[in-house]
Amino acid sequence: MRQKIYKVLNSIYGVLMSASFFAGFLPLIPFVIAIIIGGDAGEAIAVFLSKQYYPWVIIAGSIALVVGLIAMYVGKLEALSVKNVSAQTEDKQ
């Protein structure tokens, strides 16, 4: 049961993180257009992206991160522990 929950949470994490990555990359073209246009119109585009769009992308990325950490906890992964690193180095020697 624990492994099924881990797999579902890990899948959700992957989808959310991929969506957050592409949502963060998406405004590249409007920013370039804003630089080319310049003036008030370019400023309006850049301000909209930074004040209205990016906060939602940051929230989505944060939610994805929390889901990933919960998945690690449910799956009993110790990816962030020193014990895991020392065990791997002992196995290699």
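The values are calculated or read from the model by the stated rules, or taken from the named source; none is laboratory data. None of these values were measured; they are calculated from a predicted model. Note: ideal-geometry Cβ built from the backbone for every residue, glycine included; neighbour counts use all protein chains shown.
Laid out as a table, the results:
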quantity: Residue 52 vs. criteria part of a helix (DSSP H, G or I), of a type outside the set (A, V, I, L, M), exposed (fewer than 14 other Cβ atoms within 10 Å of the Cβ) and at pLDDT 90 or above; calculated: yes
quantity: Selection within segment 34-46 - loosely packed, with under 14 Cβ neighbours inside 10 Å and in contact with a helix residue (DSSP H, G or I) (Cβ under 9 Å, 6 or more places away or on another chain); calculated: 35, 36, 41, 43, 44
quantity: Flag if residue 29 is more than 13 Å from the chain's Cα centre (by Cα), loosely packed, with under 14 Cβ neighbours inside 10 Å and either among the small types (Gly, Ala, Ser) or assigned to a helix (DSSP H, G or I) (or both); calculated: yes
